[in-house]
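The values are calculated or read from the model by the stated rules, or taken from the named source; none is laboratory data. Predicted, not measured: the structure shown is a model, and the values here were computed from it. All Cβ positions, even for glycine, are placed from backbone atoms using ideal geometry, and neighbour counts span all protein chains on display. Accessible surface areas use protein heavy atoms only, side chains included; no ligands, DNA or RNA. Shrake-Rupley method; radii C 1.70, N 1.55, O 1.52, S 1.80 Å.
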Amino acid sequence: MSTPEQPPLVRRLLARREHHRRRSVAYRVGFGVLGAAILAAGVVMLITPGPAFVLIPVGLAMLALEFAWAERLLVRALLAAERARERARRTSRTQRALGAAAGLAAVAAAALVAIKVI
């Protein structure tokens with residue numbers, strides 16, 4: 001079974017890894033703590049409002065400079081995002097229109113609930 005080609009972002013990260021490893025230990029620890037905080041904020045934003053699908057890859061990318069597990073998760077996340085993008089690209093005009101209509105109906109329902117509550 002062949003391994004899928006690494007996404008360009010991961011290739012760029014791996015190229016920067018050696019430069020990162022030459023930095024001071026204090027810098028690397030601080031960078032790792034910041035990466036973990038960004039990743040944790042992204043995970044929290046999966047259930048709260050916010051740009052989770054931006055923060056999670058950023059946090060994983062920062063941690064991937066230090067940890068192999070973060071690199072593996074980042075590769076999996078980027079490949080899953082690419083598959084989702086491809087599936088979305090293949091949707092028909094009717095599917096997009098129905099999705100937009102469902103989204104508008106959900107917003108309208110939420111607005112009605114908010115008006116009734118207030």
#### Entry: Scan of the range 19-31 for residues that are in a loop (DSSP other than H, G, I, E, B) and surrounded by 12 or more Cβ atoms within 10 Å (Cβ to Cβ), ordered by number
23
### Query
Can you tell which of 84, 102, 77, 114 is in a helix (DSSP H, G or I) and either at pLDDT 90 or above or touching a Cys at 6+ places or on another chain (Cβ under 9 Å) (or both)?
102
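Quick grid of which residues meet (1) modelled with pLDDT of 95 or more; (2) more than 17 Å from residue 69 (Cα to Cα); (3) open to solvent by 60 Å² or more (accessible area, probe 1.4 Å); (4) outside any loop (DSSP other than H, G, I, E, B):
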| residue | (1), (2), (3), (4) |
| --- | --- |
| 1 | no, yes, yes, no |
| 13 | no, no, no, yes |
| 17 | no, no, no, yes |
| 33 | yes, no, yes, yes |
| 38 | yes, no, no, yes |
| 47 | no, yes, yes, no |
| 50 | no, yes, no, no |
| 53 | no, yes, yes, yes |
